[in-house]
Amino acid sequence: MSTETLNKKTTIELRKRHIGPSCKVFFSHDPIKIVRAKGQYMYDERGERYLDCINNVAHVGHSHPDVVRAGAKQMELLNTNSRFLHDHLVQYAQRLVATLPDKLSVCYFVNSGSEANDLALRLARQYTRHNDIITLDHAYHGHVSSLIDISPYKFQQLGEHQKKDFVYVTQENPISYRGKYREDHPDPATAYADDVRDIICDAHRKGHKIAAFIAESLQSCGGQVIPPKGYFQKVAQHVRQAGGVVITDEVQVGFGRVGKHFWAFQLQGEDFIPDIVTMGKPIGNGHPMSCVVTTREIAEAFMSSGMEYFNTFGGNPVSCAIGLAVLDVIEKEDLQGNADRVGKYLTDLLNQQKEKHPLIGDIRGVGLFIGVDLVKDRIKRTPATAEAQDVIYRLKEHNILLSADGPHRNVLKFKPPMCFSEEDAKFVVINIDAILTDIEETIRQQIDHCSTTNCENGTNKRRITAEDCVNGGHLNGSAGSQDISFSPDAMPKKRLRT
């Protein structure tokens, strides 16, 4: 069944003509035209089915009938703004705050993750009467100007002088695999949190005051970063002592995705409660809505500014009906439990592949939020950027949609709809296994060819064999700490966009 109106060529031509050129598409050299989707599957104009491993917006599954029905039913009755009383607004707020610690009890409904994070900054600044913001390296919090300012993932693309004076970026992301403090450090949480402490001290010496520390509970664009337990508690202590507040961004990872908890910040333990929580993407299963939840004290301070807060579409009856339906489906279908079970199964399968494939340096994640860090050298942990992009494009040829991210775009990123199954996980990993096997064989042949050529030319370099690649050169660096990578002819000439 196809619902295509225009042929693909016409769609591409019209997009180039009428849509801003900075609005990119996946797989730009051969983009996919999706005409319908159901559950964890998307379908193109030819009826080809793709397994969606990246769409954390369609949280309970694409086109879920309960969500569609709830939105359509309410749309037939009424849709208006929140200045009128309506039961859906208060019922949804009540349901939402019931999933959070008691002190987080006041909601502001908006329409996107960017709106939510922008409002969170306003709340923090009004409450603290301070201005400066601390953010993690490679963080992304939204596309509006106030958030580009605090998103190194974006502003670092503009050059080294684009960081604003009121923004402080941590020197190290709290990740044991790639950060300064690694697996053998006795207390990485404290060590990484001390970076925030030092930033605060430096700001105070310059006469600046911190309004907020903002971070995703699990960093996505940073490469599936799972902070060490206790990190946020220690950061919160430093920030609150400086008169600031802590904002956790749950836009990517909330609503049960981590499996063990409904919210990813809860992975840190019951003794960590943020001052402000933002949520978006999965909240409406594709319907544009989002929310900021905070304490009564911060909400009252925001009101004391004398300025009314109003959002034309935020909290409208249709959005709230959809939000309620999403919560119902998560509970009814035990999607949080599914994320836990399938996430563990997928992680186990990937760890088995790590034992087999030297290109896999690290598997990290929780629930259905998992990263596969590809490396050229396991000792130096050299990012395998080109290889990651090659994997993404080859998976597409097998009708699997996956993306890569992180500072070096070498981390394969799993964040599928929550109805993702064990069979789906097995299917993806079988294909990743075959692709990595092929890539690694190409690498071995290239190294073998180059080494043989060196020997024939009379150089003193020892010939590097495929066995060296597997047992020495790649895994433990014994073959002259040789990085394993494609030859120039086999590597993409430019960074592939996904």
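Some points to look at:
- Residue that is farthest from PHE155 (Cα to Cα) [pool: residues in the range 179-201 that are charged (D, E, K, R) and open to solvent by less than 50 Å² (accessible area, probe 1.4 Å)]: ASP194
- Qualifying residue in the range 369-376 (condition: closer than 16 Å to HIS59 by Cβ, among the aromatic types (Phe, Trp, Tyr) and within 21 Å of the chain's Cα centre (by Cα)): yes
- Of the residues making up the range 50-68, those that are surrounded by 13 or more Cβ atoms within 10 Å (Cβ to Cβ) and farther than 21 Å from ASN111 by Cβ number 7.
- Residue count for the range 252-275 under the criterion of being among the hydrophobic types (A, V, I, L, M, F, W, C), free of Cβ contacts under 8 Å to residues at least 60 places away in the same chain and in a helix (DSSP H, G or I): the result is 1.
- Note on the range 210-228: residues that are surrounded by fewer than 24 Cβ atoms within 10 Å (Cβ to Cβ), in contact with a helix residue (DSSP H, G or I) (Cβ under 7 Å, 6 or more places away or on another chain) and under 15 Å from GLY179 (Cβ atoms) amount to 1.
- Filter result (aliphatic (A, V, I, L, M), exposed (fewer than 15 other Cβ atoms within 10 Å of the Cβ) and over 27 Å from the mean Cα position of the chain (by Cα)) within the range 76-112: LEU77, LEU78, LEU85, VAL90
- Filtered by the rule that a residue be within 22 Å of PRO228 (Cβ to Cβ) and polar (S, T, N, Q), the range 145-192 gives THR170, GLN171, ASN173, SER176, THR190.
- From PRO358, PRO407, residue being touching a Leu at 6+ places or on another chain (Cβ under 9 Å), in a loop (DSSP other than H, G, I, E, B) and not assigned by the TED database to the domain that holds ARG257: PRO358
- Residues being in a helix (DSSP H, G or I), closer than 23 Å to GLU397 by Cα and open to solvent by 70 Å² or more (accessible area, probe 1.4 Å) - total across the range 7-29: 1
- Any hit, the range 377-387, residues being open to solvent by 10 Å² or more (accessible area, probe 1.4 Å), in a strand (DSSP E or B) and of a type outside the set (A, V, I, L, M): yes
- Any hit, the range 166-183, residues being under 19 Å from GLY365 (Cα atoms), over 22 Å from the mean Cα position of the chain (by Cα) and not aromatic (Phe, Trp, Tyr): yes
- Selection from the range 81-108 of residues that are modelled with pLDDT of 95 or more and touching a helix residue (DSSP H, G or I) at 6+ places or on another chain (Cβ under 7 Å): HIS86, HIS88, LEU89, GLN91, TYR92, ARG95, LEU104, SER105, VAL106, CYS107, TYR108
The values are calculated or read from the model by the stated rules, or taken from the named source; none is laboratory data. Model, not experiment: these values are computed from the prediction. Note that we place each Cβ from the backbone using ideal geometry, even for glycine, and neighbour counts take in every protein chain shown. Quick note on the areas: whole protein, heavy atoms, side chains included, nothing else; ligands and nucleic acids left out. Shrake-Rupley method; radii C 1.70, N 1.55, O 1.52, S 1.80 Å.
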